[in-house]
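The values are calculated or read from the model by the stated rules, or taken from the named source; none is laboratory data. Note that the structure is a prediction, hence the values are computed from the model and not measured. Counting neighbours? That spans all protein chains shown, and the Cβs are built from the backbone with ideal geometry, glycine included. All accessible areas refer to the heavy atoms of the entire protein, side chains included, with ligands and DNA or RNA removed. Shrake-Rupley method; radii C 1.70, N 1.55, O 1.52, S 1.80 Å.
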Amino acid sequence: MKAKVYVTLKKGVLDPQGKAVMGALKSMNFSEVRDVRIGKFMELDIDGKSGKEEEARLKEMCERLLANTVIENYRIEIE
Amino acid sequence: MRFGIVVFPGSNCDHDCHHAVKRVFGQEAEYVWHRETKLKGFDCLILPGGFSYGDYLRTGAIARFSPIMAEVTRFAARGGLVLGVCNGFQILTEAGLLPGVLMRNKSLKFICRHVNLRVENCSSPFTGAYEKGQVLSIPIAHADGSYFADDDTIKRLEDTDRIVYRYCAPDGSVSAESNPNGSLANIAGILNETGNVMGTMPHPEMACEGVLGSTDGGGIFESILSKFT
């Protein structure tokens, strides 16, 4: 199965990269941009079919390594 | 005293630490490769600066799963002294041995210069040689040194005297202007709950000899030595 993992910064955590990108967009006359938050997108190719156990293991991967839950949230999509 | 200096793939301040411990302070120092699974006879462990695993994913995120880290965790749990400098600090937070996280500098720039630090804690095994309020000049060299933790954690660090030092002006005043990287509460170094694990973004090992411009970092090593000699 394939899994997509989205890691995003929690609300309130400063994102200087996002701010810099927003500044660039504004300087390009995209003045409608209010905020930019930069996150990570990961594609995982995994042995086996999707099931409860696989989902639980994916969650564990996120909790232990793929995301730092002090500052980041994560979302898993399974295909 | 016998120091162990843990070397990860991508560590680059391991030799600086070795030099400070062995040549400046005349103590035993031994490198410990990150794949080791045993630690024997060490009084203090240093996790040095660098770019372990190329900072992939997050700084310290992969190094914290190196085989040696299980031993480092056990060593710390037994009360052993563990000092994490720069990347070593980042690894200790990822490993959960210290709270919070070191994020990208607010300026997005790699900053390499001496900073002023106001000593907040002078009662830990790492800081006994200092006086509270003393201003130190020690270099930083990092792109990811902006300390972040939730409000409760920051309050707990403050209330329990676990902030080692803060970025400050030459006169010791702490303000946004004296904050090089965006760290919350200008935090530059912290201790764990039991006071035997310390993380610092400034590099004390690079400020132990006059020829390097400052000897203010030597106090960290003097403090540690005074516990053992």
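What the table below lists for this structure:
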item	result
Loop-located chymotrypsin sites (Phe, Trp or Tyr not before Pro) in region A:2-65, at most 16 other Cβ atoms within 10 Å (DSSP)	A:F30
In Å², nearest 10: area of B:E131 left accessible to a 1.4 Å probe	130
Global form of region B:53-179, assessed from the alpha-carbon gyration tensor, a/c cut-off 1.5	oblate
Long-range amide H partners of B:I5 with built H, under 5 Å	B:E30, B:Y31, B:V32, B:I46
HN-Hα J in Hz across region B:166-173 - Karplus 6.51, -1.76, 1.60, θ = phi - 60°, x for Gly and Pro	10, 5, 9, 7, x, 8, x, 6
Whole-Hz couplings from phi, Karplus 6.51/-1.76/1.60, listed for region B:72-85; x for Gly and Pro	4, 5, 5, 4, 5, 5, 7, x, x, 7, 10, 10, x, 10
Cross-link pairs beyond the 23 Å C-alpha cut-off, checked among A:K2/A:K52; A:K11/B:K106; A:K40/B:K109; A:K59/B:K38; A:K2/A:K59	A:K59/B:K38
10 Å Cβ neighbours from other chains, averaged over peptide A:9-18	3
Solvent accessible area, Å² - B:C208, 1.4 Å probe, full protein context	10
Percent RCO, i.e. relative contact order, over region A:2-78, from Cα pairs under 8 Å lying at least 6 residues apart	52
DSSP beta bridges in chain B [antiparallel fraction, %, rounded to 5]	60
B:K106 accessible area, assembled protein chains, probe 1.4 Å, Å²	130
Part-to-part distance (alpha-carbon centres) for region A:1-75 and region B:164-220, which is given in Å	32
Ranked order, B:K227, B:K22, A:K11 - accessible area, probe 1.4 Å, largest first	A:K11, B:K227, B:K22
For A:70-76, mean number of other protein chain Cβ atoms within 10 Å	3
Centre separation in Å (Cα based) which lies between region B:12-77 and region B:115-163	21
Extension gain, B:E177 back to B:F65 (0.36 nm per residue minus Cα-Cα distance, nm)	36.7 nm
Most mobile listed residue (B:Y147, B:Y56, B:Y31) in chain B, GNM with C-alpha springs under 10 Å	B:Y56
Heavy-atom surface of the protein assembly as shown, accessible at 1.4 Å and reported per residue (Å²)	48
Carbon plus sulfur fraction of accessible area for the protein assembly as shown, probe 1.4 Å, in percent	50
Cut-off 20 Å, label 7 Å out along Cα→Cβ of B:C112, residues of region B:146-168 by amide N	B:146
Gyration tensor verdict on chain A (Cα atoms; rounded if a/c is under 1.5, prolate if a/b is larger than b/c, oblate otherwise)	prolate
Chain A: most fluctuating residue of A:E63, A:E54, A:E32 per GNM, C-alpha cutoff 10 Å	A:E32
Difference of contour (0.36 nm per residue) and Cα-Cα distance, A:R57 to A:L25	7.7 nm
Percent of Cα-Cα distances greater than 30 Å, calculated over region B:2-226	13
